Amino acid sequence: MNTLAAISALGSPTFWMSLFMLIGIYAAVTMLLNVEAGWGGMWDLGIVGLLAIGSYTYTIVTNPPGEFDVVYSPGWPVWAGILAAMATTGIVAFLVGLPALRARREYFLIITFAFAEVFRQLAINLRDVTHGTVGFSSVARPFESFFEKDALRGVLLAVTWAAALLVYALTRRISRSGYGRALRAMRDNEPVALSLGIRVSWLRLQTFVLVGVAVGGVAPLYLWWLRYVAPSVFEPQFTFTAWTALVLGGIASRSGAVLGVGVLLLFTELVELIDVPPEFRNVHVAVHPLAIGLLLVLVLRFRPEGLLSERGTFGARARQTTALDGAGAAVASRLRRLSLRGDSGNEEAP
Amino acid sequence: MTATDKTSSGAMLSTHGLYKAFGGNVAVHDVSLDLYPDRITALIGPNGAGKTTLFNIITGYERPDSGDITFDGNRVGGMAPWQISRRGVARTFQTPVGFPTMTLWESMQVAGASHAVLTGMLTTRGRRETAKLSRRADEILDHLGLDKLLDTPVDELAAGDRKLAELARQLMSQPRLLLLDEPAAGVNPGAISRLSDLIRDVHRSGIALMIIDHNLSFVLDVADYVHVMANGRIIAEGTPEEIAASPLVRQVYMGVDA
């Protein structure tokens, strides 16, 4: 009977749609975390704090006036809510970044972690604005008047994946640009980066704000999946999951973030799905973090750089992919290589 | 940006009474020197003489307690390293770690890139720049004999190649003045004369040079003018012949280090 229950859940499209929407959301956040931590070397342990700022901003400005007992509810449309979430998160990232980015490595990690907790405590205590621990039990979703329940779920899944794809395209652009190389340079060796004219402090702040704005844009997607907002949603668990996925997939690898999220969430959701008799339920709950830990240990033992690695994304390929970016450039470089092979004495190619 | 006309005529870089102490240790004591672009300048002295500290002050990594630096007639004392770098002063480091996760090609790209990094990403200018930098990198690596190592990760280079890679990377930024911190350290003796030739080539291409090194025969061979430092002070200066003949230099420098 237990097996039957599990199988029926696996066969339900709702389960899979929900899971894939969650994977899309986590993938977007983890890719952004990779830009900041993987390439920029800024070990941000407070990314959920930025998500909280974006989420609360979106919910507060889009909630219909009068529905909740709070001081401010202008009832803006969804698109305005998304823009407001991005702007507010960007501003908060700037304000947090100013003091926090003066610290490095574990000190930066502690400061960002603390800021995320401060934001959560504010959400709990600023009852007039955030509705306290109860939060908001409904969230404005786009297209609600156009589609019925099941179709809407499909549309939102598509929107989420489109957003994740957009984030991927952004990280791809970054990885091949001078900006991406400057990030990795300052992470690898700050004194040398400085000696090449890279303004490290400004680059760090720019990146922190860029990631903040983007996380603010992802926040509404997360809420459309959750359909409520409360401080408990923004516990550090979210940050840890994104970090675990990043390490699993391969920190500083471009596609690793997506693969890591896919593997981790499939694994944990399926573990959750196993139906156990009531007397073993405590054990089942305890197995969940244990299983994640085991997965992490196995990957780090046998593939210390993660499933994919930084060398896989960059390495020798970095030169070729950049050269091959345009079809014309590809042909040109191939011709050049051929001509060089014929006449190895003269390598003064134009 | 205040221009000063105190600079001795023709000097590219001048320091005036630089002083720097760490706690009770005076690392640099009243150092004034002029650097002229038409000759290769060297700075020698025993360990702990304050040579690298002086480099660090000139390139902005350390703030002098007092004294001033002018580059091209502009005061640069107290500026941040990236600001000084953008004015055309490049330097190498004693330990050539570089960017260990990058290939040689990538680290060359970092060095030449324009500094409007985030906005450069959004335009096609970035792509054109990459192509331009790629050609410049090819040229430099070719000249230094590193062209076969284009796709090698920097941390997998042999020690000698790593030194050259460090030089190559700093050349990418097309500096006007290059400070070399112990370029011959870790280079095997057979390759030193080739290194001297390369350094002369760099100088001939129009880049002013200042070199710190322990290897006295290498320095006396490559340099046109030598400053000798001991205990934070410049104790002697002159042509390599004068320095080699100076009894004071022999006593202080070779007495301690050889």
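The values are calculated or read from the model by the stated rules, or taken from the named source; none is laboratory data. Keep in mind the model is a prediction, meaning the values are calculated, not measured. Note: ideal-geometry Cβ built from the backbone for every residue, glycine included; neighbour counts use all protein chains shown.
Brief remarks on what is shown
- When we screen A:209, A:213, A:233 for residues that are surrounded by fewer than 23 Cβ atoms within 10 Å (Cβ to Cβ), closer than 17 Å to residue A:160 by Cα, more than 7 Å from chain B (Cβ to nearest Cβ) and touching a residue at least 60 places away in the same chain (Cβ under 8 Å), the only hit is A:213.
- Any hit, the range B:24-47, residues being buried (at least 24 other Cβ atoms within 10 Å of the Cβ) and within 12 Å of chain A (Cβ to nearest Cβ): no
- Of the listed requirements (1) surrounded by fewer than 18 Cβ atoms within 10 Å (Cβ to Cβ); (2) among the aliphatic types (A, V, I, L, M); (3) not assigned by TED's automatic domain parsing to the domain that holds residue B:103, residue B:159 misses just one: (3).
- Residue, surrounded by the fewest Cβ atoms within 10 Å (Cβ to Cβ), within the range B:200-215, restricted to residues that are without any contact (Cβ under 8 Å) to a residue 60 or more places away in the chain and under 19 Å from residue B:94 (Cβ atoms): B:215
- Qualifying residue in the range A:169-185 (condition: among the small types (Gly, Ala, Ser), surrounded by 21 or more Cβ atoms within 10 Å (Cβ to Cβ) and away from chain B (no Cβ under 14 Å)): no
- All conditions but one from (1) among the hydrophobic types (A, V, I, L, M, F, W, C); (2) in a helix (DSSP H, G or I); (3) within 30 Å of residue B:61 (Cβ to Cβ) apply to residue A:198; the one that does not is (2).
- Hey, residue A:249 modelled with pLDDT under 95, more than 14 Å from chain B (Cβ to nearest Cβ) and crowded, with 20+ Cβ neighbours inside 10 Å or not: yes
- Any chance residue B:15 is surrounded by fewer than 17 Cβ atoms within 10 Å (Cβ to Cβ) and either within 14 Å of chain A (Cβ to nearest Cβ) or not in a loop (DSSP other than H, G, I, E, B) (or both): no
- Residues being without any contact (Cβ under 8 Å) to a residue 60 or more places away in the chain, under 18 Å from residue B:74 (Cα atoms) and not hydroxyl-bearing (Ser, Thr, Tyr) - total across the range B:12-43: 4
- Residue match in the range A:124-147 (condition: away from chain B (no Cβ under 14 Å), without any contact (Cβ under 8 Å) to a residue 60 or more places away in the chain and either β-branched (Val, Ile, Thr) or in contact with a strand residue (DSSP E or B) (Cβ under 8 Å, 6 or more places away or on another chain) (or both)): no
- Verdict on residue B:233 being out of contact with any Cys (no Cβ under 6 Å at 6 or more places or on another chain), within 14 Å of chain A (Cβ to nearest Cβ) and of a type outside the set (A, V, I, L, M): no
- Selection from the range A:284-324 of residues that are modelled with pLDDT of 80 or more, more than 22 Å from the chain's Cα centre (by Cα) and outside any helix (DSSP H, G or I): A:303
- Only helices (runs of 4 or more DSSP H) whose full extent lies in the range A:37-142 are considered here, and the ones with at least 2 residues that are buried (at least 23 other Cβ atoms within 10 Å of the Cβ) are A:47-62, A:78-100, A:105-125.
Yes/no per residue for (1) under 20 Å from residue B:109 (Cα atoms); (2) within 14 Å of chain A (Cβ to nearest Cβ); (3) assigned to a helix (DSSP H, G or I):
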| site | (1), (2), (3) |
| --- | --- |
| B:141 | yes, yes, yes |
| B:151 | yes, yes, no |
| B:184 | no, no, no |
| B:190 | no, no, yes |
| B:196 | no, no, yes |
| B:202 | yes, no, yes |
| B:206 | no, no, no |
| B:211 | no, no, no |
| B:221 | no, no, yes |
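- Among (1) more than 9 Å from chain A (Cβ to nearest Cβ); (2) modelled with pLDDT of 90 or more; (3) not in a loop (DSSP other than H, G, I, E, B) - the single one residue B:90 does not satisfy: (1)
- Of all residues in the range B:58-69, those satisfying the criterion of being within 14 Å of another protein chain (Cβ to nearest Cβ), farther than 15 Å from residue B:211 by Cα and not charged (D, E, K, R) are B:60, B:61.
- Candidates are the residues of the range B:157-184 that are small (Gly, Ala, Ser) and modelled with pLDDT of 85 or more; the one that is nearest to residue B:57 (Cα to Cα) is B:173.
- Residue match in the range B:216-232 (condition: without any contact (Cβ under 8 Å) to a residue 12 or more places away in the chain, hydrophobic (A, V, I, L, M, F, W, C) and either surrounded by 15 or more Cβ atoms within 10 Å (Cβ to Cβ) or under 29 Å from residue B:30 (Cβ atoms) (or both)): no
- Residues being within 12 Å of the chain's Cα centre (by Cα) and under 13 Å from residue A:241 (Cβ atoms) - total across the range A:251-278: 3
- Among the residues of the range A:263-282, some residue qualifies, meaning at least one is assigned to a helix (DSSP H, G or I), aromatic (Phe, Trp, Tyr) and under 23 Å from residue A:20 (Cα atoms).
- In the range A:186-199, of all residues being under 25 Å from the mean Cα position of the chain (by Cα) and farther than 24 Å from residue B:132 by Cα, the one that is nearest to the other protein chains (Cβ to nearest Cβ) corresponds to A:188.
- Of the set (1) under 19 Å from residue B:137 (Cβ atoms); (2) in the same structural domain as residue B:224 (by TED's automatic domain parsing), all apply to residue B:184 but (1).
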